[in-house]
1. Within the stretch 91-133, which residues are part of a strand (DSSP E or B) and of a type in the set (Val, Ile, Thr)?
2. Does Phe94 fit the bill of being among the hydrophobic types (A, V, I, L, M, F, W, C) and either away from the ligand (no atom under 13 Å from the Cβ) or open to solvent by 30 Å² or more (accessible area, probe 1.4 Å) (or both)?
3. Taking the stretch 65-90 as the region of interest, how many residues are in a loop (DSSP other than H, G, I, E, B), over 14 Å from Lys122 (Cα atoms) and either within 16 Å of the ligand (Cβ to nearest atom) or open to solvent by less than 70 Å² (accessible area, probe 1.4 Å) (or both)?
4. Within 15 Å of the ligand (Cβ to nearest atom) and either modelled with pLDDT of 95 or more or closer than 28 Å to Asn12 by Cβ (or both): does that describe Arg126?
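The values are calculated or read from the model by the stated rules, or taken from the named source; none is laboratory data. Source: prediction; values computed, not measured. Cβ sites come from the backbone with ideal geometry, for glycine too, and all protein chains shown count toward neighbours. In case anyone asks, the SASA skips ligands and DNA or RNA and just uses the protein heavy atoms, side chains included. Shrake-Rupley method; radii C 1.70, N 1.55, O 1.52, S 1.80 Å.
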Amino acid sequence: MATRKVVLIGDNSLRKISKPVKDFDEDLWQLLDDMKSTMYCNDGMGLAAPQVGVLRRAIVIDVNNMFVELINPEIIEQEGKDVEQEGCLSVRTFRGRVERPYKITVKAVDRFGYPFVLTGEKWLARCICHEIDHLNGVLFVDKCLDKEKYLKQGGKL
Ligand code: NI
């Protein structure tokens, strides 16, 4: 496992739409291993492939000491609302409130291409939503309830 450099806000690659993963091969496994190590090294709860400069639909998360890799994730159900402060490894100097669904169900495949479904509440749901947004070029500051404060501080989008 190697740590990769985290791409920071202002870099255009964070604004691109990532492509589905098609090859479940050693390159993917290396990417996922490196993402895991990069996330832990930076004390993150989640990391999306575009944050290490790879525009593929792969995310890793660790919430409540549960590590999960989700490839080609898709939210198939959501309910409720929840507001909490979020941060992002690509936005170093700001945390702010974001409204997310309270509960979501996501379908994805694992690193071998096998499908699974995962239901999560609260922080697990929030973290998955945040990382899936990355795959669509969306950052939490875009939908942050404290966006004005962020912009006033000179924050970039
Ligand atoms: Ni993030």
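1. Val91, Thr93, Val98, Ile104, Thr105, Val106, Val109, Val117, Thr119
2. Criteria not met by Phe94.
3. Number satisfying all stated conditions: 2.
4. So Arg126 passes the test.
Rundown of residues vs (1) open to solvent by less than 40 Å² (accessible area, probe 1.4 Å); (2) outside any helix (DSSP H, G or I); (3) out of contact with any helix residue (DSSP H, G or I) (no Cβ under 6 Å at 6 or more places or on another chain), yes/no style:
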{"site": "Thr3", "(1), (2), (3)": "no, yes, no"}
{"site": "Val7", "(1), (2), (3)": "yes, yes, no"}
{"site": "Gly44", "(1), (2), (3)": "yes, yes, yes"}
{"site": "Ile59", "(1), (2), (3)": "yes, yes, no"}
